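Each remark here refers to the structure printed beneath this line.
The values are calculated or read from the model by the stated rules, or taken from the named source; none is laboratory data. Just so we're clear, the structure is a prediction, and the values are computed from it rather than from any experiment. For neighbour counting, all protein chains shown are included, and Cβ atoms are generated from backbone atoms with ideal geometry for every residue, glycine included.
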Amino acid sequence: MDSNKINSSYLHAAPILIGLVLFMIILAGCERPETTLERAKKIGVIRIGFANDIPYGYATPDGALTGEAPEIARRVLAQIGINKIEGVFTEFGSLIPALKAGRFDIIAAGMFVTPDRCKEINFSEPTYRIGQAFLVKAGNPHNLHSYKDVAANSEAILCVMDGAVEGKYAEASGIPPSQIISVPDTPSGLKAVQSGRANALALTSLSIQKLIKNANDPSIEQAKPFENPSIDGKEVLGYGGFGFRKDDHNLYTEFNRHLKAFIGSKEHIELVKPFGFTEFPGDITAAGLCEGN
């Protein structure tokens, strides 16, 4: 065979071979990364963030993770094929930053769905509805039965939890910053009232009830009656759900699909009854709450 023809064949084939090699390299580099949902289903485990807030999500004295949110998460995730959850304790105010940083994959802390939070993370449909309450000294010496009462009494100090909605409610109710102190968790809030550092601790009604029951301290009580805060002429009620990273769309969608079928069912109501939950979202949706409705 003519050597010139051989060389010519190589010259024509070389660009094709080079192109094929480059294509394979690019293809290998463009392989789709494993999603959080795929990884969790493969290993059968997922991490959830909780804030040790009874009865929403907390660790028992022997280290077991329980509460309204973790127990619902267990049921829903099992339907997806994820049969084990690992709890990651995080102060409430750090839950969203920690989720976004990848310390865990789901917020399971009964977090209220609010427009500001919806800008940072995706929320599942809400799982419960609840009102507010104050924990005060026995006899309620400052006569505090609402956020407005605190605003009207320049000597009253209100305690709220870092990152929780109560701080927003206080501000919207006209309470000046000088009358508000923040703490990282509910036990710290309890101590603030017991010590006299604060005159009232603002939390959800269930949190206040559980704190009082567990403290077994006759020097404190729940302020009764109590008036929920009103913002723009509308009574404020809290609706809590699960939080997901914006880029974990598959996990969020799959979890939410199973959750919607579960909420309000007999199984759901029986599951959360021991934690004191008796009010549910009805026709309230996460989309509506994110829009401020």
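For beta carbons closer than 9 Å, sequence separation of 6+ or different chains, a first residue in segment 167-178 that is at pLDDT 95 or above and a second that is among the basic types (Lys, Arg), the qualifying pairs are Ser173/Lys148; Gly174/Lys148; Ile175/Lys148.
Being at pLDDT below 95 and within 25 Å of the chain's Cα centre (by Cα) is not true of Thr127. Considering the conditions (1) within 19 Å of His268 (Cβ to Cβ); (2) surrounded by fewer than 15 Cβ atoms within 10 Å (Cβ to Cβ), Lys100 is excluded by exactly one of them, (1).
Farther than 30 Å from Ser265 by Cα, surrounded by fewer than 17 Cβ atoms within 10 Å (Cβ to Cβ), among the basic types (Lys, Arg) and at pLDDT 60 or above: does that describe Arg39? When the stated conditions are applied, Arg39 does not pass them.
Can you name the residue in segment 57-93 that is of a type in the set (Gly, Ala, Ser) and touching a Pro at 6+ places or on another chain (Cβ under 6 Å) and is also surrounded by the fewest Cβ atoms within 10 Å (Cβ to Cβ) among such residues? Filtering first and then ranking leaves Gly67. Report, by residue number, each residue of segment 267-293 that is in a helix (DSSP H, G or I), surrounded by fewer than 17 Cβ atoms within 10 Å (Cβ to Cβ) and either over 19 Å from the mean Cα position of the chain (by Cα) or among the aromatic types (Phe, Trp, Tyr) (or both). Passing the criteria: Glu267, Ile269, Glu270, Lys273, Pro274. Residues in segment 207-264 that are among the acidic types (Asp, Glu) and farther than 24 Å from Phe50 by Cα: Asp217, Glu221, Glu227, Asp232, Glu235.
Based on what the data block shows, is Gly63 modelled with pLDDT under 95 and not in a helix (DSSP H, G or I)? I'd like the intermediate steps shown before the answer.
Details: modelled with pLDDT under 95: yes; not in a helix (DSSP H, G or I): yes.
Answer is yes for this residue.
When the criteria are applied in full, Ala192 fails the requirement of being outside any helix (DSSP H, G or I), touching a strand residue (DSSP E or B) at 6+ places or on another chain (Cβ under 7 Å) and aliphatic (A, V, I, L, M).
Would you be able to say whether some residue in segment 234-253 is over 29 Å from Ala98 (Cα atoms), at pLDDT below 95 and among the acidic types (Asp, Glu)? Yes, segment 234-253 contains a residue that is over 29 Å from Ala98 (Cα atoms), at pLDDT below 95 and among the acidic types (Asp, Glu). Being part of a loop (DSSP other than H, G, I, E, B) and aliphatic (A, V, I, L, M) is the filter; apply it to segment 120-179 and report the residue that is surrounded by the fewest Cβ atoms within 10 Å (Cβ to Cβ). Per the criteria, the residue is Ala138.
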